[in-house]
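Reviewing the structure listed below.
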Amino acid sequence: MKTTAWLFLVFLPYFLSAQLFENSAERDYRNAHARYKTGQFEAAMAAFAPLTDGKSGSSNVPFAQYFYALCATKLSRPTEARTMLKQLIEQFPSWKNIDEAYYLLADACFKGNRHEEAVEYTLNIGDSSIKKDVENLKRLYINQLNDLERLKSIQREYPSDRAIGLALVNLIQKSSNDKVDLALSDAITNRFGVATAPGPTASAPIKRPASNWQKGYFNVAVMLPFRLKNIDPAARNRNNQFALDLYEGIKLAKAKLQTENIIVNLFAYDVGPNADDIIDVVNNSNFDQTDFVIGPLYNESSKLASLHAEENKIFMVHPTGMNVDLVASHPNSFLFKPSFETQAAKALAFAATLSTTNNRKVAIYYGASKKDSTLAASYQNVVKEAGYQVIDYRKTREKLDSAAAIGAYNKPAHVFVSSSNDTDGQKVLAMMARKRVDVPTLITASAFDFQRISSGVFAEREVYLLDPDYINTSRQAVRDFQASYMAKRNIIPSVYAMAGYDLMLFYGRMLQRYKERLKAGLAARKYEDDYLLSGFDYTKSSDNQVVPIVRLDGQHFVPVR
């Protein structure tokens, strides 16, 4: 008994070391795989590299080798893919996914112009489902060969291969009048029949299962910066309150959808600006069944999420982003709000209706935030393209009275102000009054603090507000929502709560109606219906084309377009 205990104590450090190594290797493999799933192929390849050592004894080694090769393939590095796959096959000939390794190896050889070697590897594949892909793979690459003598050599080596034979027939018919070649073409045609067009582009057979749009419900992933680890229940002003409000609105819309027989399952994920948060999400087993994603809010996280959504045919909406780059190259992604470019174009189209003179001058002022300068730059671009002259373009934080270039003898046709500073609206209007510049002015609604200013600020001035978050509180649907929210939460709903409600209600209905054809459904027409904000219009773009422009009428702001 003592001897056994002594041996246990002697070898305990080795057991612990092995266990810690295994845990570390497992964690490293999961992180590498997550990077692959989010489209970070370069980073994933580097992360898989140390895990491919066949002497480590880890059960993940063949998987690491396979995904290393898959990353190399996606990065157009077939030589590295081929080397790693040959290592995999040599070290793990009985691996359960060995047929997929042979398929990927054949693909790498074809890409590396090693067609003879590629065909030889395809002969090792026994899985019937993969064999169908093999035929597509061969047709794709063999039909690209334009070297007649080489293709004839390959056909002599594999005379029973139909794909190779028919590719040779096609090439002979296109490029040779030699009697011997034509006789060979006839002989192959008599054996295999008439040649058909090349098959579709092939890809490795590891894919996320296609969404089952007939299952009767939708799984929605909500990726917002909840910051639950740092939340202070006693704090009155939480920096994550907007995310909580947005999610509260989403949950209320879920309940509304259920009354319309539309079932939505919500899965909330705490995703901040750190890209690692996305990696944790895609590693979550529930995420594999996602149909629709709301968020994330930060650019880096959004880019990774968009790549993953695109790769796995998941629809995605950015609830607060207005940068068109978020959706420019991602056909399944949408902006809930109008992009900066759309806001600028709509604002200029409206401003052009205000002046009956030939004045083509414009002044543009903008706040300190990146959002302010981006919108201002977009407006500057569209007015210049329309033939306007920008006579003043500067930040509002400068001493406008002395710095602004406009005046009684240098009046613009209109003034445009983009700012998130709620004192800048009054600041610009005061400057214009002192300089005796009384012209139409378009100002973002965020440039005013409506809780502190009086309606007199807008009196006898032609001021229009650009307000993507405009809510017409006189509408019955808005009043009903406010009353219901107050009854349940004992607080007036914020604009984020209303936005979350509109977003989930709209996209839930659209998913139910159009399913995998969601993009086509969005482009069909403008949707207003019973939504709290101003509706949805994706007829021309993947960003919402609805841009409310409002003006004070009595005690209320009303839309002018």
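Readers should treat all values here as calculations from the given coordinates under stated rules, not as data from a laboratory. In this text, all values refer to a predicted model and were calculated from it rather than measured experimentally. Cβ coordinates were reconstructed from backbone atoms using ideal geometry, including for glycine residues, and neighbour counts include every protein chain displayed.
Tell me the net charge near I294. Cut-off is 14 Å between Cβ atoms, I294 excluded, with +1 for each Lys or Arg and -1 for each Asp or Glu. With Lys, Arg at +1 and Asp, Glu at -1, the net is -2. Projected onto its three principal axes, the C-alpha set of region 48-110 covers 31, 22, 13 Å, listed from the longest axis down. Candidate membrane-span-like segments in the chain, meaning DSSP H helices with Cα atoms spread over at least 30 Å of their own axis and a Kyte-Doolittle mean of -0.5 or above, are 2-37, with no membrane implied. Quick check on region 341-466: take the gyration tensor over C-alpha atoms, sort the square-rooted eigenvalues as a ≥ b ≥ c, and tell me if it's rounded (a/c under 1.5), prolate or oblate. Rounded. Between S419 and G367, T444, A447, the built amide H atoms are under 5 Å apart, and every one of these is 5 or more places off in sequence or on another chain. Distant-in-sequence amide contacts of F218, defined by a placed amide H-H separation under 5 Å and a gap of 5 or more residues or a different chain, comprise I263, V264, N265.
Counting only DSSP beta bridges whose two residues both lie in the chain, roughly 20 percent are antiparallel.
Under 20 Å of direct C-alpha separation, and excluding same-chain neighbours fewer than eight residues apart, K96 reaches these lysines: K55, K86, K131, K132, K207.
As a size descriptor, the averaged projected area of the C-alpha convex hull of region 21-192 was calculated at 10.7 nm².
Could I get the Rg over Rh figure for the chain? Both from C-alpha atoms, Rh via Kirkwood, rounded to two places. On the Cα set of the chain, Rg over Rh gives 1.10. Remark: region 387-538 is approximated by an ellipsoid whose semi-axes, taken from the C-alpha gyration tensor as √(5λ), come to 38, 21, 12 Å, largest first. Please give the net charge around A44, taking every other residue with its beta carbon less than 12 angstrom from that of A44, where Lys and Arg add +1 and Asp and Glu add -1. Net local charge, A44 excluded: +2.
By the count of neighbouring beta-carbon atoms within 10 Å, fewest first, E116, E80, E460, E248 end up ordered E460, E116, E80, E248. Other residues with beta-carbon under 14 Å from the beta-carbon of G387 carry, at +1 per Lys or Arg and -1 per Asp or Glu, a net charge of +2.
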